[in-house]
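Read through the structure below, which is laid out as structure tokens, and then see the notes.
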Amino acid sequence: MTEMKYIGFGGGCHWCTEAVFQSIKGVDTVYQGWIGSIGDEREWSEAVLVRYNPDRVSLATLIEAHLLTHSSESNHSFRHKYRSAVYTMSTDENEQSSGIIKSLAAKTNTDYICQALPFRKFKSNVNVFLNYYQTRKDAPFCTRYIEPKLRITQQL
């Protein structure tokens, strides 16, 4: 039996990020909330913690989905709230994630600002906002912002 793995992703609204990863086959659970890392990135930033089966979905596919579904190229004024990051559970995973980001950047000729950072802490959102898209598919926010991102993940 394959051991499930965890990885964190931040970059945009955690409602959007939650829905993106809930739509990917091989992802078992998505925990929506805030993640903190170390150093300058130790403060909370909107993110999700993803539990996935590495035999069903690769880390590279997860990172590609992440880079394609948030503003992974722009260093806008809300980066403190929406840090563009892959939060890793080990040094090896951090190096692998950095390599995947660099490889995808070279492949697409894109300057990603997304960083691979060590995962240090997670805080869940309140229950009323969990599974946001799944419980509000017809809401204007969902149809305008989340559904276009889901169309991207269907192509991966």
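A short reminder: the numbers here are calculations on the coordinates, not readings from a lab. As the structure is a computational prediction, the values presented were derived from the model and not from experiment. Please note: Cβ atoms are built from the backbone with ideal geometry, for glycine as well, and neighbour counts cover all protein chains shown.
Some observations on this one:
- Residue within the stretch 127-149 that is aliphatic (A, V, I, L, M), closer than 22 Å to Met4 by Cα and surrounded by fewer than 19 Cβ atoms within 10 Å (Cβ to Cβ) present: yes
- Residue that is farthest from Ser72 (Cα to Cα) [pool: residues in the stretch 1-19 that are assigned to a helix (DSSP H, G or I) and under 8 Å from the mean Cα position of the chain (by Cα)]: Glu18
- Residues that are under 15 Å from Leu59 (Cα atoms) and buried (at least 24 other Cβ atoms within 10 Å of the Cβ), drawn from the stretch 11-27: Val20, Phe21
- Within the option set Val128, Val50, being closer than 17 Å to His14 by Cβ, touching a helix residue (DSSP H, G or I) at 6+ places or on another chain (Cβ under 6 Å) and aliphatic (A, V, I, L, M) holds for one residue only, Val50.
- Residue in the stretch 94-104 that is surrounded by 13 or more Cβ atoms within 10 Å (Cβ to Cβ), free of Cβ contacts under 8 Å to residues at least 60 places away in the same chain, over 25 Å from Glu3 (Cα atoms) and not hydroxyl-bearing (Ser, Thr, Tyr) present: yes
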